[in-house]
Ligand code: KG4
Ligand code: ZN
């Protein structure tokens with residue numbers, strides 16, 4: 001296999017332009033991103049095609065439907081990202097694609113397309129860990145440099161990680177059962193609020209009485225930074241089953257109680273992670289908590305985390321909502337950060353359904369597939 005590692009002048013000393021491809025779940029996304037010599041980033045184009053309407057009738061993402069939709073749309077979206085960037089392929093320095101973790105069929109569609117482009121164009125390939133895309137986003141949006149603490153909460157992940165550097169992560173905690181976005185989605189499904197559930201639960205909670213239900217706060221008060229949401233999900237189901245007729249107010253009250261329990265759980269778990277991070281980074285002035293993943297769009301939870309940060313003298317960094325959920329700008333950016341450090345991949349790199357950011361982290365026995 002031909003090695004496409006860069007051997008010419010150092011990319012750190014010039015602007016590099018990277019095409020990014022993201023197909024790990026139910027968004028087909030492409031982007032062109034620049035990394036300038038001073039380390040700043042620029043999104044030149046970013047296209048996201050959501051498959052929500054394809055999956056909504058099933059109440060969740062159907063892997064086979066997702067993979068087929070990526071095949072149908074990816075080529076057109078690459079053209080769109082290139083056109084919107086007013087860019088031709090000769091101006092691209094490298095091709096970055098999500099190589100995992102995620103739904104394997106979809107990941108393979110994006111990665112194989114990227115390999116084809118890299119081979120045809122003679123450009124380097126960068127196989128990006130989707131989680132690294134989320135983790136490095138604040139570098140693109142606000143020039144934030146590691147180290148910082150990351151709370152990544154999406155439909156597939158609930159993790160607390162120390163981001164020590166590009167390609168250097170320490171996992172403090174992960175879910176031992178459901179991901180937080182999954183808990184939002186299952187709560188919404190139970191209450192017939194549709195898919196995806198997070199925004200619908202947040203909206204309903206806004207008009208609910210959060211004192212009516214006192215749902216459990218899993219693992220709160222215990223040492224460590226792991227999450228568990230299955231007990232909370234069960235409590236929500238039992239509350240709904242105890243009602244003969246479920247009114248709009250009941251739904252709002254259950255959602256408000258659920259969200260309050262989630263907020264308290266996050267406060268507890270993230271509080272422990274902040275203490276751990278401070279111990280591991282003694283002398284670091286003004287540490288930052290970054291929140292990422294689709295659940296980070298939730299304003300009530302953002303408010304809770306902002307209060308927590310303020311109480312402890314931390315800063316909170318929350319990328320814009322469009323860059324919290326899945327997109328290809330974050331993949332192109334992670335690719336650019338790797339590219340300037342000489343980290344490129346051979347064309348026989350494989351797609352991975354599981355790919356922990358911290359390879360030294362212990363496997364969690366009952367964690368969902370993406371932990
Ligand atoms: O990061 P993302 O777009 O996709 C992955 O799962 O990788 O996250 C989607 C998840 C879904 O579970 C969705 O219900 C949740 O993020 N979500 C929210 C909100 N918006 C999206 N959860 C709570 N509140 C929201 N406003
Ligand atoms: Zn994601």
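The values are calculated or read from the model by the stated rules, or taken from the named source; none is laboratory data. This one's a predicted model, so the numbers in the text were calculated from it and none came from an experiment. For neighbour counting, all protein chains shown are included, and Cβ atoms are generated from backbone atoms with ideal geometry for every residue, glycine included.
Going by the conditions given, is residue 256 buried (at least 20 other Cβ atoms within 10 Å of the Cβ) and at pLDDT 95 or above? Lay out the reasoning, then the answer.
On the way: buried (at least 20 other Cβ atoms within 10 Å of the Cβ): yes; at pLDDT 95 or above: yes.
When the stated conditions are applied, residue 256 passes them.
With out of contact with any strand residue (DSSP E or B) (no Cβ under 7 Å at 6 or more places or on another chain), touching a residue at least 40 places away in the same chain (Cβ under 8 Å) and either within 13 Å of ligand 1 (Cβ to nearest atom) or not assigned by TED's automatic domain parsing to the domain that holds residue 39 (or both) as the only criterion, which of 157, 134 stands out?
Working: 134 fails: out of contact with any strand residue (DSSP E or B) (no Cβ under 7 Å at 6 or more places or on another chain).
After applying the criteria, what remains is 157.
Given the options 120, 127, name the one that is in a strand (DSSP E or B), away from ligand 1 (no atom under 11 Å from the Cβ) and more than 27 Å from residue 276 (Cβ to Cβ).
Numbers: 120 fails: in a strand (DSSP E or B).
After ruling out the rest, the residue left standing is 127.
Report yes if some residue within region 91-107 is over 18 Å from the mean Cα position of the chain (by Cα), surrounded by fewer than 21 Cβ atoms within 10 Å (Cβ to Cβ) and farther than 20 Å from residue 336 by Cβ; otherwise report no.
Checked against the condition, which is being over 18 Å from the mean Cα position of the chain (by Cα), surrounded by fewer than 21 Cβ atoms within 10 Å (Cβ to Cβ) and farther than 20 Å from residue 336 by Cβ, region 91-107 yields at least one hit.
So, restricting to strands (runs of 3 or more DSSP E) that lie completely within region 1-80, which ones have at least 1 residues that are at pLDDT below 95? Break it down into steps so the answer makes sense when it comes.
Working: elements: 16-22, 27-35, 41-50.
Those strands (runs of 3 or more DSSP E) span 27-35, 41-50.
Quick grid of which residues meet (1) within 16 Å of ligand 2 (Cβ to nearest atom); (2) outside the structural domain of residue 160 (by TED's automatic domain parsing):
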| site | (1), (2) |
| --- | --- |
| 271 | no, no |
| 277 | no, no |
| 282 | no, no |
| 293 | yes, no |
| 309 | no, no |
| 313 | no, no |
| 327 | yes, yes |
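Of the residues in region 176-199, how many are outside any loop (DSSP other than H, G, I, E, B) and either surrounded by fewer than 20 Cβ atoms within 10 Å (Cβ to Cβ) or in contact (Cβ under 8 Å) with a residue 40 or more places away in the chain (or both)?
Residues of region 176-199 that are outside any loop (DSSP other than H, G, I, E, B), as a first pass: 180-190, 197-199.
Filter once more, keeping what is either surrounded by fewer than 20 Cβ atoms within 10 Å (Cβ to Cβ) or in contact (Cβ under 8 Å) with a residue 40 or more places away in the chain (or both): 180-187, 189-190, 198-199.
Residues that pass the stated criteria total 12.
Take residue 349 and tell me if it is in a loop (DSSP other than H, G, I, E, B) and either under 28 Å from residue 75 (Cβ atoms) or outside the structural domain of residue 28 (by TED's automatic domain parsing) (or both). It would help to see each step written out before you state the result.
Details: in a loop (DSSP other than H, G, I, E, B): yes; either under 28 Å from residue 75 (Cβ atoms) or outside the structural domain of residue 28 (by TED's automatic domain parsing) (or both): yes.
Yes, satisfied.
Just to be sure I understand, how many residues within region 47-63 are more than 14 Å from ligand 1 (Cβ to nearest atom) and crowded, with 20+ Cβ neighbours inside 10 Å?
Number satisfying all stated conditions: 1.
Looking at 230, 207, which one is in contact (Cβ under 8 Å) with a residue 24 or more places away in the chain, away from ligand 1 (no atom under 13 Å from the Cβ) and within 21 Å of residue 61 (Cβ to Cβ)?
Working: 207 fails: within 21 Å of residue 61 (Cβ to Cβ).
Going through 230, 207 in turn, just one is in contact (Cβ under 8 Å) with a residue 24 or more places away in the chain, away from ligand 1 (no atom under 13 Å from the Cβ) and within 21 Å of residue 61 (Cβ to Cβ): 230.
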